[in-house]
Amino acid sequence: MSNPIPVLLTDAHLAHAGLIELTGGREIPCWESPERAVAIEAELRAHGDCSFEAPTEHGREPITAVHDANLVEVFEHAWTDALAAGATDGSRPWIPDTYLLAAYPGPMRLGALPSGAHHRLGAYLFDTATPIVAGTWGAALAAVDVALTAAERVVGGASLAYGLCRPPGHHAARGMLGGYCYFNNAAIVAEWLRRSAGARRVAILDIDYHHGNGTQQIFWERGDVLYLSLHADPARAYPYYSGYAAETGGGDGAGTTRNWPLAAHTTLDGYATALAEALRLVVAFAPDGPLVISAGFDTFEGDPIGDFALRTPDYAEIGRMVAALGMPMVVLQEGGYAVEALGANALALLTGLRGA
Ligand code: Q9C
Ligand code: ZN
């Protein structure tokens, strides 16, 4: 008989409702909605063997340990500066229209920056799917606290804890927001485990449908953090520019990044083959801290923005495979947009992870 699974969550995410994202030249309702976390919470409360706990505040230090301090400052002030400048009347999200690409300066030496943080934000954002509203900053801070408090539960002895993070995190890089992500919850936890919890080697297993470009970038040259990701082949799927099998890390991190780009219509068969390879690498790496799992359910057959074909019981099998490692685990919510199935999929994964 195992103990209830600690589930860390807060209502702070409700104030982050981006309203719209721009995709392929169209304005569409945000897939990444408050209803996602509401649905997962409802299902776990109704049918899960879970204890529900509020996060504690951890401040900014764990955030600036992985993110550029300028990004944090610009993100904090982007909404209020947009309002003050009259750039939005508050009824619409802020989405910058001008982005600072690496190619912009060329040989030029550029001397100044725009005064409004909402304009500077264009230097710290890589797509048009990551809107900012009044509650975004607070929700992103709270999601980090959710993730870190879940990690503390595991460090304190729980074999498994689940952080119901919203907004998600794995697309956020050191100096860049994007992909519905603001702070990289999983990367912040991994770095916190290294710096503050005595771990010398930490592994991150990313099972969201999309490649976690942010997590990979943050730990690219780090031999002490293993990043493993199963995802849709970026040759056809967002984020397009990373997640190819040839990307394996650099410098001290050569060999401690690995990617499994997968085909459209991937079912449990193909998924489990890749997952088994990844799990063998976790064993070989021999982490001495908990396994950090970036858990997305956009691999589900009914997901509106994915093209995999996993079914609800498959998440229990995936969970059992990971549980067989016998490692303590911090599970953090990333994507998944089939709202009606999210609760069942989360419950299945957690049930499997508990070894049931
Ligand atoms: N037509 C997460 O799952 N837009 N982020 C894709 C495809 C961005 C996904 C557009 C998808 C971001 C956490
Ligand atoms: Zn995703």
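The values are calculated or read from the model by the stated rules, or taken from the named source; none is laboratory data. Just so it is clear, the structure is predicted and the values come from calculations on it, not from any experiment. Positions of Cβ are generated from backbone atoms using ideal geometry, with glycine treated the same way; all protein chains shown enter the neighbour counts.
Just for segment 322-338: of the residues that are surrounded by fewer than 24 Cβ atoms within 10 Å (Cβ to Cβ) and within 14 Å of ligand 2 (Cβ to nearest atom), which one is nearest to Gly214 (Cα to Cα)? Ranking the qualifying residues of segment 322-338, first place goes to Tyr337. When segment 280-308 is limited to residues that are touching a helix residue (DSSP H, G or I) at 6+ places or on another chain (Cβ under 7 Å) and not in a strand (DSSP E or B), the one that is nearest to His210 (Cα to Cα) turns out to be Phe297.
Scanning segment 228-267 for residues that are β-branched (Val, Ile, Thr), farther than 25 Å from Trp192 by Cα and surrounded by 19 or more Cβ atoms within 10 Å (Cβ to Cβ) yields one hit, Thr266.
Residues in segment 309-338 that are more than 16 Å from ligand 1 (Cβ to nearest atom), in a loop (DSSP other than H, G, I, E, B) and of a type outside the set (A, V, I, L, M): Arg311, Gly326, Pro328. Mind telling me which of the residues Ala284, Ala278, Ala264, Ala295 ends up being closer than 28 Å to Ala37 by Cβ, modelled with pLDDT of 95 or more and over 21 Å from the mean Cα position of the chain (by Cα)? Going through Ala284, Ala278, Ala264, Ala295 in turn, just one is closer than 28 Å to Ala37 by Cβ, modelled with pLDDT of 95 or more and over 21 Å from the mean Cα position of the chain (by Cα): Ala264. Scanning segment 86-101 turns up no residue that is closer than 30 Å to Arg195 by Cα and of a type outside the set (A, V, I, L, M, F, W, C). Assigned to a loop (DSSP other than H, G, I, E, B), within 16 Å of ligand 2 (Cβ to nearest atom), more than 22 Å from Pro328 (Cα to Cα) and in contact (Cβ under 8 Å) with a residue 24 or more places away in the chain - does that describe any residue in segment 266-276? Yes: segment 266-276 contains one or more residues that are assigned to a loop (DSSP other than H, G, I, E, B), within 16 Å of ligand 2 (Cβ to nearest atom), more than 22 Å from Pro328 (Cα to Cα) and in contact (Cβ under 8 Å) with a residue 24 or more places away in the chain.
Filtered by the rule that a residue be closer than 14 Å to Arg201 by Cα and either in a helix (DSSP H, G or I) or touching a residue at least 60 places away in the same chain (Cβ under 8 Å) (or both), segment 214-242 gives Phe219, Leu226.
For segment 192-213, taking the residues that are part of a loop (DSSP other than H, G, I, E, B), within 16 Å of ligand 2 (Cβ to nearest atom) and touching a residue at least 60 places away in the same chain (Cβ under 8 Å), the one that is farthest from Gly296 (Cα to Cα) is identified as Gly212. Being buried (at least 24 other Cβ atoms within 10 Å of the Cβ), of a type outside the set (Ser, Thr, Tyr), away from ligand 1 (no atom under 15 Å from the Cβ) and over 30 Å from Ala344 (Cβ atoms) is a description that applies to Val225. The single condition from (1) touching a residue at least 40 places away in the same chain (Cβ under 8 Å); (2) closer than 25 Å to Leu226 by Cβ; (3) away from ligand 1 (no atom under 16 Å from the Cβ) that Ser294 fails is (3). Flag: Ala158 does not match the condition of being in contact with a helix residue (DSSP H, G or I) (Cβ under 8 Å, 6 or more places away or on another chain), modelled with pLDDT of 95 or more and closer than 27 Å to Gly319 by Cβ.
Working only within segment 20-52, note down all residues that are among the hydrophobic types (A, V, I, L, M, F, W, C) and over 21 Å from Ile95 (Cβ atoms). Result: Ala37, Val38, Ala39, Ile40, Ala42, Leu44, Ala46, Cys50, Phe52. Looking across Ile218, Ile204, one residue alone is within 15 Å of ligand 1 (Cβ to nearest atom), within 21 Å of Pro261 (Cα to Cα) and buried (at least 24 other Cβ atoms within 10 Å of the Cβ). It is Ile204.
Considering (1) within 25 Å of Ala344 (Cβ to Cβ); (2) part of a strand (DSSP E or B); (3) within 16 Å of ligand 2 (Cβ to nearest atom), say which one Val7 fails and leave the rest. (3) is the only condition that Val7 fails.
Apart from one condition, Gly116 fits all of (1) more than 14 Å from Ala82 (Cα to Cα); (2) out of contact with any strand residue (DSSP E or B) (no Cβ under 9 Å at 6 or more places or on another chain); the exception is (1). The combined condition, being in contact (Cβ under 8 Å) with a residue 12 or more places away in the chain, away from ligand 2 (no atom under 16 Å from the Cβ) and over 22 Å from Arg354 (Cα atoms), is not fulfilled by Ala150.
Here's a check for you: in segment 170-189, which residue that is in a loop (DSSP other than H, G, I, E, B) and more than 12 Å from ligand 1 (Cβ to nearest atom) is surrounded by the most Cβ atoms within 10 Å (Cβ to Cβ)? Per the criteria, the residue is Phe183.
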